[in-house]
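Scroll down for the structure; my scribbles are underneath it.
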Amino acid sequence: SNLYASPSIYITSRTRSAPDLIRAIPADRMLVESDTHDVRLSTRLVWGAVDWIARCKRWEVESDLTPDWGEHGVVLSEDEWRRTGSSVDAEEGRVWAVRTLERNWARFMGLIQPYE
């Protein structure tokens with residue numbers, strides 16, 4: 001029940017089948033990582049992985065123009081998460097990458113209870 005996939009730019013992106021692999025991972029089982037020992041590269045590599053995963057899964061990456069968490073129809077209730085496995089803008093059907101990954105991380109770390 002605590003199994004997650006965490007593709008990285010350094011390792012996973014080396015194979016031609018990587019985009020298909022990422023698309024096959026359920027949205028509620030996706031995490032990201034840098035796969036680097038150099039802390040100076042961590043932010044750039046994690047952000048690169050978020051952007052790459054979002055493109056593969058056709059998720060949208062939040063920006064300064066994205067509605068705030070919990071406003072404008074963004075689904076955050078556990079019931080909605082159970083059904084969709086991701087943060088979805090109810091009005092437009094958008095999947096928000098950072099919000100989805102954040103929720104997965106919180107579930108992985110035990111900060112919120114996993115759904116059944």
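Subtracting the Cα-Cα distance of residue 17 and residue 39 from 0.36 nm times their residue separation leaves 5.1 nm of extension gain. Taking Lys and Arg as +1 and Asp and Glu as -1, the other residues whose beta-carbon sits under 13 Å from that of residue 101 total -1. Measuring r between the beta carbons of residue 55 and residue 105 and using R0 = 22 Å, the FRET efficiency lands at 0.65. Full extension of the segment from residue 47 to residue 10, taken as 0.36 nm per residue of separation minus the current Cα-Cα distance, would add 12.1 nm.
Throughout, read-outs are computed from the coordinates displayed, never taken from laboratory work. Values in this document were obtained by computation on a predicted structure and should not be read as measured data. Here the Cβ is made from the backbone with ideal geometry for all residues, glycine too, and neighbour counts use every protein chain on show.
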